[in-house]
Structure formats: structure tokens, C-alpha cells
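The values are calculated or read from the model by the stated rules, or taken from the named source; none is laboratory data. These numbers come from a predicted model, not from an experiment. Glycine also receives a Cβ, built like all others from the backbone with ideal geometry; neighbour counts cover every protein chain displayed. SASA here: full protein model, heavy atoms, side chains in, ligands and nucleic acids out. Shrake-Rupley method; radii C 1.70, N 1.55, O 1.52, S 1.80 Å.
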Amino acid sequence: TNYNVRPFYYYWSFFTQSGIWTIPAFVALLYPYMKSRVSNKKAYKFALLWTLSAVILLSIIPEKKSRYLLPVLIPMALNTGFYIEYLFRCFKTLEKKEKWVVYFIHGLIAVIGLAFPVAGYFLLELEGHWF
């Protein structure tokens, strides 16, 4: 019981567990920003409360492992979906400042998504491993 005991705030960087979706996941959790932008406020509030309550309840338990965050990633994906849906719906009316943030976020996701397989190909070729 003492091996994986972590502090209360151990899970509070949970949105970083989503990998390349970290920035959109963080933006989707900003309630003051998102509350006037989502199309279905009740569903957004439900997913947000589900996410935050799961993190709080997991934080209460003294023994913590990063794999325990899996139940939090599901409602966080819903929150991120609300943000992505808002971008699809209202991208033409966004201010320039907001558009640059969106371009940066999705450009970063595209670069990582394209670079990862290319880097993997060259690394496997250098080591001579082919499946």
C-alpha cells in the first residue's frame, strides 16, 4: 500500500495523458471559454462534471498509477469533441487570434502525425528490422 502512494495533485495534469491532443483537451476544459460556444450546454456540463469528478475521486485514493486515468479520458474525449465541433461550426467567424491558435494546434497534430511514421520507417531501416 505504500509503494504507489502519490500526492493529492498527482492526477491534475491528466489532460496531458492524451498525447498530441493535450492542447485541445485543455482548451475544452476551460468552462468560462466554452460555455457560450458549445451547441449542447447540458451535455457539455455533464461531460465536464464527469471528467472533473472522476479526477477528484481518483485523487482522494492514496495509491495512484497513471493507468487509473483511463476512465477520465473517455469524458475528456467528449469535451474535446465539443471543442472540435465548435471549431467546425464557427471557424469562419473566429477572430484572427483564435484562428492562429487553431492553426498551431492542428498544424502540430499534422506534423507529428506525418513525422512519426516516417521516423519509424527510417529507424527500422537503420536497424534492419522488417516485419
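Below is a table of values for the structure above.
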| read-out | value |
| --- | --- |
| Where the range 1-59 is the region considered: accessible area per residue in Å², 1.4 Å probe | 64 Å² |
| Compactness of the range 77-126 - radius of gyration and Dmax, Cα, Å | 15.3, 48 |
| Carbon plus sulfur fraction of accessible area for the chain, probe 1.4 Å, in percent | 71 percent |
| Dipole magnitude (debye, nearest 20) for the chain, charges at Cβ of Lys, Arg, Asp, Glu | 720 debye |
| Candidate lysines for bridging to K41, where Cα separation is under 24 Å - those fewer than 8 sequence places away on the same chain excluded | K92, K99 |
| Environment charge at L48 (Cβ cut-off 15 Å; Lys +1, Arg +1, Asp -1, Glu -1) | +4 |
| Qualifying trypsin sites (Lys or Arg not before Pro) in the range 78-111, DSSP loop, other Cβ atoms within 10 Å at most 14 | none |
| Per DSSP, loop chymotrypsin sites (Phe, Trp or Tyr not before Pro) in the range 1-102 with at most 13 further Cβ within 10 Å | Y3, W12 |
| Helical mean residue ellipticity (222 nm; -39500 (n - 2.57) per DSSP H run of 4+; nearest 500) of the chain | -21500 deg cm²/dmol |
| Positive-end residue of T80, F104, M34, charge dipole of the range 1-128 with Cβ unit charges | M34 |
| Candidates V102, V38, V118, ranked by Gaussian network fluctuation over the chain, Cα under 10 Å, top entry | V118 |
